[in-house]
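> Here it is: the structure, laid out below.
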Amino acid sequence: NAGVTQTPKFQVLKTGQSMTLQCAQDMNHNSMYWYRQDPGMGLRLIYYSASEGTTDKGEVPNGYNVSRLNKREFSLRLESAAPSQTSVYFCASSEAGRTQYFGPGTRLLVL
Amino acid sequence: DAKTTQPPSMDCAEGRAANLPCNHSTISGNEYVYWYRQIHSQGPQYIIHGLKNNETNEMASLIITEDRKSSTLILPHATLRDTAVYYCIVRGENTDKLIFGTGTRLQVFP
């Protein structure tokens, strides 16, 4: 039981490049989330998915897109990366209204 | 969701109890108090949560005041591995969203 896994662990991009961050959970949770964390700050919600086939914007959705591929997987895409998107990205999952469990994070540097 | 206020940092001697306070004076009746911690940029780790009653698990105890306007997370015997940023979060009953503040940086020293 791996919980929440994220790939890649680290990534360096040039401004304007695109990439997809992958997240998978093996806890059969319906809800999944993407957060970003900037240095010295708490986490901020980017997008979330309450169930397979549904997604909703969080606090800071601009510049991102998401796909809930199936119940296990929730991906985050940066179409045209900007230096302001340099951050650590965390994925989480939960049952509705229950405790969220977080992945180990993806560290992204945009030059 | 109600906002929380926590001290930015605290120190605790190893083996002693760490008491981390949190104010949530605007909390409403159906909102839960959650505590997470984040050890050195790892993913946040769930610790405990409660609504009205005090709660205890293998990691910690949560004491919620009778008026629910504040709470205290207690780590009964702090170890060096408890050094982390601790987040107090108020979550509504009908939402899955967690609003993270900047938390309390707890430093446990030998």
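> Taking the square root of 5 times each eigenvalue of the Cα gyration tensor, what semi-axes in Å does the equivalent ellipsoid of the stretch A:59-104 have, largest first? Present the calculation step by step, with values, prior to reporting the outcome.
Working: eigenvalues 100, 35, 18 Å².
They are 22, 13, 10 Å, listed from largest to smallest.
> Plugging the Kirkwood radius over Cα pairs into Stokes-Einstein for chain A, at a temperature of 37 °C and a viscosity of 0.692 mPa s, what D comes out in µm²/s? Don't skip to the answer; put the middle values down first.
Numbers: Rh = 13.8 Å.
Roughly 238 µm²/s, to the nearest whole number.
> Return a whole-number percent for the relative contact order of the stretch A:37-86, with Cα pairs under 8 Å and 6 or more residues apart as the contact set.
Values: 63 pairs, mean separation 13.0, N = 50.
Rounded, it is 26 percent for the stretch A:37-86.
> Listed here are the pairs A:57/B:69; A:14/A:57; B:69/B:97; A:14/B:97; A:9/A:71; A:71/B:52; which of them are more than 24 Å apart at the Cα?
Numbers: A:57/B:69 30 Å; A:14/A:57 26 Å; B:69/B:97 20 Å; A:14/B:97 32 Å; A:9/A:71 22 Å; A:71/B:52 33 Å.
The answer is A:57/B:69; A:14/A:57; A:14/B:97; A:71/B:52.
> Percent relative contact order of chain B, based on C-alpha pairs within less than 8 angstrom and at least six residues apart? Don't jump to the answer; show the numbers that get you there.
Details: 277 pairs, mean separation 40.5, N = 110.
RCO, chain B: 37 percent.
> Right, something else. How large is the Rg to Rh ratio of the stretch B:6-110 when both quantities use alpha carbon positions and Rh follows Kirkwood?
On the way: Rg = 13.1 Å, Rh = 13.8 Å.
Reported Rg/Rh, Kirkwood definition of Rh: 0.95.
> Right, another one. What distance in nm separates the two pseudo spin-label positions at residue A:79 and residue A:44, each 7 Å out from Cα along the beta-carbon direction?
In this crude spin-label approximation the distance works out to 2.0 nm.
> Still on this structure, please answer the following. With the contact rule set at Cα under 8 Å and sequence spacing of 6 or more, what percent relative contact order holds for chain A?
Values: 289 pairs, mean separation 39.7, N = 111.
With pairs under 8 Å counted, the relative contact order is 36 percent.
> Return, in residue-number order, each cysteine of chain B whose C-beta is not under 4.7 Å from any other cysteine's C-beta.
If one checks each Cβ against the other cysteines of chain B, B:12 turn up with nothing under 4.7 Å.
Only the coordinates and a few stated rules stand behind these numbers; no lab work does. Nothing here was measured: the structure is a model prediction, and the numbers come from that model. Note that each Cβ is placed from the backbone with ideal geometry, even for glycine, and that neighbours are counted across all protein chains shown.
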